[in-house]
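J.: Once you've had a glance at the structure underneath, I'll fire off some questions.
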Amino acid sequence: MSKHKDSNTLWGGRFAEPTDQFVQRFTASVQFDQRMAQDDIQGSRAHADMLCAVGVLTEDERTQIQGGLDRVLTEIEDGQFQWSIEREDVHMNIEARLTELIGNTGKKLHTGRSRNDQVATDIRLHLRAAIDVIGLELTRLQRGTIELAANHCDTIMPGFTHLQTAQPVVFGHHLLAWNEMLERDYGRLIDCRARLNQSPLGAAALAGTTYPIDREMTAHALGFDRPTVNSLDSVSDRDFAIEFCSFAALLMTHLSRMSEELVLWTSAQFNFIALPDRFCTGSSIMPQKKNPDVPELVRGKVGRVNGHLVSLLTLMKSQPLAYNKDNQEDKEPIFDTIDTVLGSLRAFADMIPAVVPRKEQMREAARRGFSTATDLADYLVRKGLPFRDAHEVVGMAVGHGVETDTDLADMSLATLQQFSADIEADVFDVLTLEGSVAARDHLGGTAPRQVRAAAKTALQRLEERTP
Ligand code: ARG
């Protein structure tokens, strides 16, 4: 029997002809999974140490392997490493190079291990590191959001329902609503990390191995909380990737909602905020344009992350136990989700502290939109009117305001009294924007006093996070 190309020497014995060249390219993953090289080496180091500790490798073999892995890592970091498609994936590229460098001892590294538990370990390590960076970026964005909120506990703007002016709120309250979305995202990220942080190493191909391996040892060395408990599940489970992508899809959904508001607010029609030029671009034809490209792009990037979530769900649907080659398709969605989330968070964490609210315009918009109409109704209820009747009275007053283009607060007492004799001079206290927000003075309400306290609590919650 003839010896075939390099790659086939890893399983070549059984094969009578070399892999078709196109099939080789089609089935290879090294183009994208080389991104896990460091994780792969980290996993191999732990495995080699463990094999030595249980007497499968000698101390000398262990030292040779670790030294070889050092050299491989240096080659990769220096960009000298020759990645080869014939060696299919990151795992076989590294192992083959190790063997080139240190000789036959390199071939012993794979004892008691399979690429199936190896790749499952690598992805978990890779994703865990990404989760930690994402957690920091998310915290940075939250801090910027809360700090901006704390500076705008008295900045009045219209609150909207149906994108129609509803009631006045303070800008800080709106920003802290964003922060609540992000706070839940952070919680989901941490939950995902906890379930991910178990070591599949030792499951081998699917059934475990005949060597006296110590799974606790490798789990501990790799910073996992514990080994996974079932070998079949260990090599086939990708739930953690799906959980990560669902965290990401929801986070991106939130960022898209924030983006949408930023885009609206920077428009000439709203004119609520200014974004510094460095987050915007111009138009090649319309000299007046300053486009909010960063929030627009983040809003657009939700699409690909939602797509990756659906890809992974579909990838796993109906897969029989245990490992299937289908699973190689998990990498690109995971990697692109990581990159998209990190890029979007970075852009937002840089941009939010730089948002400049135009207080006058916000206030003017709140004043124009009859936003204190509910306050007038509540006032009449306090004077003894049933709420439905009060609603009716205020509706007529607003109708008059629309006809005459006057806000409630700008009508004379006599005018207001045409709609209800219960209205007295003290009505103007509730018709002012400041009176309106200050009156919503309870947990979760928009009273400046409450918003100041909420900002403080939110910041404390951030400080309690373990980095
Ligand atoms: N490149 C493969 C993957 O990403 C590694 C595992 C291959 N295992 C196998 N039995 N073919 O899933």
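The values are calculated or read from the model by the stated rules, or taken from the named source; none is laboratory data. These figures come from a predicted structure and were not determined experimentally. Every residue, glycine among them, receives a Cβ derived from its backbone with ideal geometry; neighbour counts consider all protein chains shown. These accessible areas exclude ligands, DNA and RNA; they are computed on the full protein's heavy atoms, side chains included. Shrake-Rupley method; radii C 1.70, N 1.55, O 1.52, S 1.80 Å.
J.: Show me the helices (runs of 4 or more DSSP H) entirely contained within segment 10-76 in which 1 or more residues are free of Cβ contacts under 8 Å to residues at least 12 places away in the same chain, within 26 Å of A203 (Cβ to Cβ) and more than 16 Å from the ligand (Cβ to nearest atom).
T.: Working: elements: 21-27, 30-33, 37-53.
Counting at least 1 such residues, we get 37-53.
Residue-by-condition table, conditions (1) within 22 Å of E434 (Cα to Cα); (2) among the hydrophobic types (A, V, I, L, M, F, W, C); (3) free of Cβ contacts under 8 Å to residues at least 40 places away in the same chain:
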residue	(1), (2), (3)
T145	no, no, no
H152	yes, no, no
P158	yes, no, no
H162	no, no, yes
F171	yes, yes, no
L176	yes, yes, no
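Conditions (1) within 21 Å of the chain's Cα centre (by Cα); (2) within 24 Å of T337 (Cβ to Cβ); (3) surrounded by fewer than 17 Cβ atoms within 10 Å (Cβ to Cβ), marked per residue:
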residue: A221; (1), (2), (3): no, no, no
residue: P227; (1), (2), (3): no, no, no
residue: C245; (1), (2), (3): yes, yes, no
residue: E260; (1), (2), (3): yes, yes, yes
residue: A268; (1), (2), (3): no, no, yes
residue: T281; (1), (2), (3): no, no, yes
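J.: Select from segment 283-292 the residues that are open to solvent by less than 60 Å² (accessible area, probe 1.4 Å) and in contact with a Ser or Thr (Cβ under 8 Å, 6 or more places away or on another chain) and write down the one among them that is nearest to P333 (Cα to Cα). Walk me through how you get there before you give the answer.
T.: Within segment 283-292, the subset open to solvent by less than 60 Å² (accessible area, probe 1.4 Å) is 283, 291-292.
With in contact with a Ser or Thr (Cβ under 8 Å, 6 or more places away or on another chain) added as a condition, the list becomes 291-292.
Numbers: N291: 30, P292: 27 Å.
Looking at residues that are open to solvent by less than 60 Å² (accessible area, probe 1.4 Å) and in contact with a Ser or Thr (Cβ under 8 Å, 6 or more places away or on another chain), I get P292.
J.: What's the number of the condition E403 fails, among (1) of a type outside the set (A, V, I, L, M, F, W, C); (2) over 28 Å from F171 (Cβ atoms); (3) assigned to a loop (DSSP other than H, G, I, E, B); (4) open to solvent by 70 Å² or more (accessible area, probe 1.4 Å)?
T.: Failing condition for E403: (3).
J.: Looking only at segment 77-88, count how many residues are outside any loop (DSSP other than H, G, I, E, B) and buried (at least 16 other Cβ atoms within 10 Å of the Cβ). Write out each step before concluding.
T.: Of the residues in segment 77-88, the ones outside any loop (DSSP other than H, G, I, E, B) are 77, 85-87.
Within this subset, residues satisfying the condition of being buried (at least 16 other Cβ atoms within 10 Å of the Cβ) are 85-87.
Residues meeting the conditions: 3.
J.: Please specify each residue of segment 318-335 satisfying the condition of being more than 9 Å from the ligand (Cβ to nearest atom), open to solvent by 40 Å² or more (accessible area, probe 1.4 Å) and under 28 Å from the mean Cα position of the chain (by Cα). Don't jump to the end; show me each part of the working.
T.: Taking segment 318-335 and keeping what is more than 9 Å from the ligand (Cβ to nearest atom), we get 318-322, 332-335.
Now drop any that are not open to solvent by 40 Å² or more (accessible area, probe 1.4 Å), which leaves 318, 320-321, 332.
Scanning segment 318-335 gives S318, E332.
J.: Moving on to the next point. Can you tell me which residue in segment 199-239 is farthest from the ligand (Cβ to nearest atom), limited to those that are over 12 Å from A46 (Cα atoms), part of a helix (DSSP H, G or I) and in contact with a Pro (Cβ under 9 Å, 6 or more places away or on another chain)?
T.: Checked segment 199-239; the qualifying residue farthest from the ligand (Cβ to nearest atom) is D233.
One line per residue, one yes/no per condition, for (1) outside any helix (DSSP H, G or I); (2) under 17 Å from T218 (Cβ atoms); (3) away from the ligand (no atom under 16 Å from the Cβ):
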| position | (1), (2), (3) |
| --- | --- |
| D122 | no, yes, no |
| A130 | no, no, yes |
| G135 | no, no, yes |
| R140 | no, no, yes |
| H152 | yes, no, yes |
